[in-house]
Each structure stands twice: as C-alpha cells, then as structure tokens.
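Read the structure below first, then the notes.
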Amino acid sequence: MSHAEAAFVALRIAVLTVSDTRSIEQDTSGAYLAQALTEAGHILADRRIVTDDIYRLRAQVSAWIIDDDIDVILTTGGTGFSGRDSTPEALSVLFDKQVDGFGELFRQISLQEIGNSTLQSRALAGMVRGKFIFCLPGSTGACRTAWTGILQEQFDARTRPCNFVAVIRSFRQQRS
C-alpha cells in the first residue's frame, strides 16, 4: 500500500478480551493490541476482559457502541469452535453492515503462518453506528497477524487507495 500526503488521524480504540480464565496480567493478546495501537499513534480508549457469555459480550460492546469517545472496538478470543466460543454469535447480530472481506483476508494471511488450521478461526468484522468492530482470535500470534497484516494500514488515513479512517471520520461528522 502507498501512503499519500495526508495527515495521520488518531483513532480511539477499545480492546475487549473474551476469556473465562485470563486476568489483565495474563492477557498477552489484549496487551499486544493495546501496545501496538498506541505505538501506531492511536488512543487506547478502554481495555476490559469479559467472560465468554453472549449477553455479557453484547452488553460491553453495546456500551462502547453508544460511547461517542470510541471509534473502533477490537475483540480477541471466543472465535473458535469450542463449546464456550460465542463471539461471532454474540456480536454479528449487532452489525449494521458486515465487513465481508475481513475474515477471508485474515484467513488468507494466516494460512501462510499456520497452514490449514486457519479454518478454525471465525474472525469477522462489522460496522455499527459508524464504528468498526473486529473480532480476532484469542492467540497473541493471531492478533499480531491481524494488526500487522490488515488493521495497521486500514487504521492509517495515509493508506491509499482507501482506508477505514475516512469512513469513521464521515460518521464522526454526522454525529456532531
């Protein structure tokens, strides 16, 4: 991707780890995302851990959806096939629009790293009230793959031919 002459725009990003067992101290995936986004120049708006429960997930994400100080929500965990993995079921019903290519692109990039085990990822993304929600797998490696392979450039207003920042800014202006 090329970078055109445009100004960087810091996004306000919330990070939600979906886990029945992790604490903040043990949450390497959430910590990675928080560090990566701040190093890129964005603002960590909030960071939390929620148990893998459909209604707790929806409640936390819904609170962030109506918070005008949050532009993007990154979730990590709960996207596999185990009995408690429920992030896609919990959050996809909230989406106004689905970012159809995100899961496919994530799995394509991940294929190079973990082979066909990438089939066990149900990574997905959508948009609600002009905010993007990205549901990433729970491993730190998968979060790194998503950040470096997709999100870092899409969250940079200088990335051409297009990026998610322009969409977010448009919705910010509509809310003002």
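Does Ala34 count as within 17 Å of the chain's Cα centre (by Cα), not in a loop (DSSP other than H, G, I, E, B) and not β-branched (Val, Ile, Thr)?
yes
Examine the stretch 89-104 for a residue that is among the charged types (D, E, K, R) and surrounded by 16 or more Cβ atoms within 10 Å (Cβ to Cβ), and state whether such a residue exists.
No, the stretch 89-104 contains no residue that is among the charged types (D, E, K, R) and surrounded by 16 or more Cβ atoms within 10 Å (Cβ to Cβ).
Does Ile66 satisfy being touching a residue at least 60 places away in the same chain (Cβ under 8 Å), surrounded by fewer than 17 Cβ atoms within 10 Å (Cβ to Cβ) and not acidic (Asp, Glu)?
Yes: the conditions hold for Ile66.
Keeping to the stretch 15-46, report how many residues are in contact with a Ser or Thr (Cβ under 6 Å, 6 or more places away or on another chain) and either free of Cβ contacts under 8 Å to residues at least 12 places away in the same chain or among the hydrophobic types (A, V, I, L, M, F, W, C) (or both).
3
The number of residues in the stretch 23-49 being over 18 Å from Ser139 (Cβ atoms) and of a type in the set (Val, Ile, Thr) comes to 2. What about Thr79, is it of a type in the set (Ser, Thr, Tyr) and surrounded by fewer than 16 Cβ atoms within 10 Å (Cβ to Cβ)? Spelling it out, it is not the case that Thr79 is of a type in the set (Ser, Thr, Tyr) and surrounded by fewer than 16 Cβ atoms within 10 Å (Cβ to Cβ). Note on the stretch 81-133: residues that are closer than 27 Å to Gln174 by Cβ, assigned to a helix (DSSP H, G or I) and of a type in the set (D, E, K, R) total 1.
Only the coordinates and a few stated rules stand behind these numbers; no lab work does. What you see is a predicted model; the values in this text were computed from it and never measured. Counting neighbours? That spans all protein chains shown, and the Cβs are built from the backbone with ideal geometry, glycine included.
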